[in-house]
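These notes concern the structure reproduced below.
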Amino acid sequence: MTVNIGFIGLGIMGKPMALNLIKGGYPLWVYGRRVESMAPLRAAGARACASPEEVARAAEITFIMVSDTQDVEQVILGPKGVLSGAKPGTIVVDMSTISPVATRSLATRLMESGIEMLDAPVSGGESGAVDGLLSLMVGGKSEIFDRVKPLFERMGKKIVHMGANGAGQAAKACNQIAASLTIEGVAEAFTFARRSGVDPGRVREALMGGFANSRILELHGQRMLDHDFRPGFKVRLHQKDLRIVMETAHQMGIALPGSALVAQHLNALIGSGEGELDSSALVNAIERLNEGR
Ligand code: NAP
C-alpha cells in the first residue's frame, strides 16, 4: 500500500533525508519556511505545500526536522500547524534534537487528538544524512515504531527503539554529551601539540592508530587542521543541544561538569559571532584561551 509522507524542515539535514525518502519511491509532500528550500525537493518529484497544516492534511506520516524545541512546538501547535491538518490515526515523527520533557508534552497533546507521535533524533551529520547512514534513537509506542521502521531504513542504518516518548531525545542528549567532550578533547590535544612544537596533523595521524581514535578525531580533527569551519553542524545548534542537556540535568539534579565546560566554550563562540560555523570551531575558543603563549 502506498503511504503518503510529509516532510517539514529542509535544512542541512532535512533536505537529504527527504530526498532519500523520495528515492525509496514514497510520494512526498514538503514544507520549507524559505520557499527556495523546497526547490531541490520539487525537482525530485515532491509536492511543495504552503504550510505544515497542508503537509499534515495530505500525509499519513509527517516527519519534522527543524531547529529547536520552540520551533517544533510552532510547527505542530502554531497557526496553520500540523495539529490543524492531521487526521486521527496519522503519525508525527519529530527528528529534530529537542527537549525530552517538551517531547513528552507534545506527544500527550497529539494523542488527545488521536495522533500518534515518535521522537527520532539522529546522529551522523550531513554526510550520514546524504548517504542514508544515520543512527536513529526512537521514542514512542513499539507498534508505531514498527510501522515507521521501513521509512527509517531509507534514512539510517542503526535504528534503535529506546522506549516511550522522550526516550529517543534522552538518548540523543547522551550522544551530545559524549560527542561534545570528544570535540573538546581533540581541540585541546591539537592546541597542546602546537604549543609543544609538534605538528597537530601528525598527532592526528598517530592517534588514529590507537585508543584515542574516533570519527570526531578523523572528521572534526581534519576540519580543525584545515580551519575549514563550513557547517556541518552549526555552533548555535550545538549550544542548543548542551542547553537541553544542562536543563534536563538540572531538573534531575545530576552533575555533568564536562558538559558544563563545553557549554561555556560554545557560549563564547556565539558571543564572538561564530554561531553559524561548524562546531569543530571549538578549537578557536581553546586557541583564544591560550593566545600569547
Ligand atoms: P539547519 O540547516 O539550520 O535547518 C533547520 C531547518 O529548520 C531550516 O530549514 C529552517 O528553516 C527550519 N526551521 C527552523 N525553525 C523553524 C520554524 N519555526 N518553522 C519552520 N521551519 C523552521 O539545521 P540542521 O543542521 O538541518 O539541523 C536540524 C535539526 O537536526 C536540529 O535539531 C539539529 O540539532 C539536528 N541535527 C543536526 C545535525 C547536523 O550535523 N547538522 C546532526 C544531527 C542532528 P529556514 O531555512 O527558513 O531557516
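Could you pull out the residue among VAL93, VAL122, VAL148, VAL130 that is within 20 Å of LEU28 (Cβ to Cβ), of a type outside the set (Asp, Glu) and over 18 Å from the mean Cα position of the chain (by Cα)?
Working: VAL93 fails: over 18 Å from the mean Cα position of the chain (by Cα); VAL122 fails: over 18 Å from the mean Cα position of the chain (by Cα); VAL130 fails: over 18 Å from the mean Cα position of the chain (by Cα).
Unique residue meeting the criteria: VAL148.
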Tell me whether region 22-43 contains one or more residues that are out of contact with any strand residue (DSSP E or B) (no Cβ under 6 Å at 6 or more places or on another chain), closer than 26 Å to PRO231 by Cα and open to solvent by less than 40 Å² (accessible area, probe 1.4 Å).
yes
Condition first: surrounded by fewer than 18 Cβ atoms within 10 Å (Cβ to Cβ), farther than 21 Å from THR90 by Cα and either within 10 Å of the ligand (Cβ to nearest atom) or in contact (Cβ under 8 Å) with a residue 12 or more places away in the chain (or both). Can you find one or more residues in region 53-63 that meet it?
no
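Scan region 188-209 residue by residue and report those that are under 25 Å from LEU133 (Cβ atoms) and either loosely packed, with under 13 Cβ neighbours inside 10 Å or in the same structural domain as GLY124 (by TED's automatic domain parsing) (or both). Don't jump to the end; show me each part of the working.
Within region 188-209, the subset under 25 Å from LEU133 (Cβ atoms) is 204-205, 207-209.
Listed by number, the residues that qualify are GLU205, GLY209.
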What pairs come up if the first residue lies in region 114-136 and is free of Cβ contacts under 8 Å to residues at least 60 places away in the same chain, the second is among the hydroxyl-bearing types (Ser, Thr, Tyr) and more than 8 Å from the ligand (Cβ to nearest atom), and their beta carbons are under 6 Å apart, counting only those six or more places apart or on different chains?
ILE115/THR90; ASP119/THR103; SER123/SER135; GLY124/SER135
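Among the residues of region 1-14, how many are surrounded by fewer than 23 Cβ atoms within 10 Å (Cβ to Cβ) and either basic (Lys, Arg) or more than 9 Å from the ligand (Cβ to nearest atom) (or both)?
Filtering region 1-14 for residues surrounded by fewer than 23 Cβ atoms within 10 Å (Cβ to Cβ) gives 1-4, 11-12.
Pick out the ones that are also either basic (Lys, Arg) or more than 9 Å from the ligand (Cβ to nearest atom) (or both) and you get 1-4.
Total meeting the criteria: 4.
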Somewhere in region 255-269, is a residue open to solvent by 60 Å² or more (accessible area, probe 1.4 Å), in contact with a strand residue (DSSP E or B) (Cβ under 9 Å, 6 or more places away or on another chain) and under 30 Å from ALA167 (Cα atoms)?
no
Can you name every residue in region 69-114 that is surrounded by fewer than 23 Cβ atoms within 10 Å (Cβ to Cβ) and of a type in the set (Asp, Glu)?
ASP71, GLU73, GLU112
When residues of region 77-99 are limited to those that are more than 22 Å from MET246 (Cα to Cα) and polar (S, T, N, Q), the one nearest to the ligand (Cβ to nearest atom)
SER84
What tally of residues in region 112-168 results from selecting those that are of a type in the set (Gly, Ala, Ser) and away from the ligand (no atom under 13 Å from the Cβ)?
10
Quick one: GLN74 ticks every box in (1) more than 10 Å from the ligand (Cβ to nearest atom); (2) in contact with a Gly (Cβ under 8 Å, 6 or more places away or on another chain); (3) more than 20 Å from MET155 (Cα to Cα) except a single one, so which number is it?
(1)
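The values are calculated or read from the model by the stated rules, or taken from the named source; none is laboratory data. Please read these numbers as outputs of a predicted model, since none were measured by experiment. Neighbour counts run over all protein chains shown; Cβ positions are idealised from the backbone, glycine included. Calculation scope for accessible area: heavy atoms of the full protein, side chains included, ligands and nucleic acids excluded. Shrake-Rupley method; radii C 1.70, N 1.55, O 1.52, S 1.80 Å.
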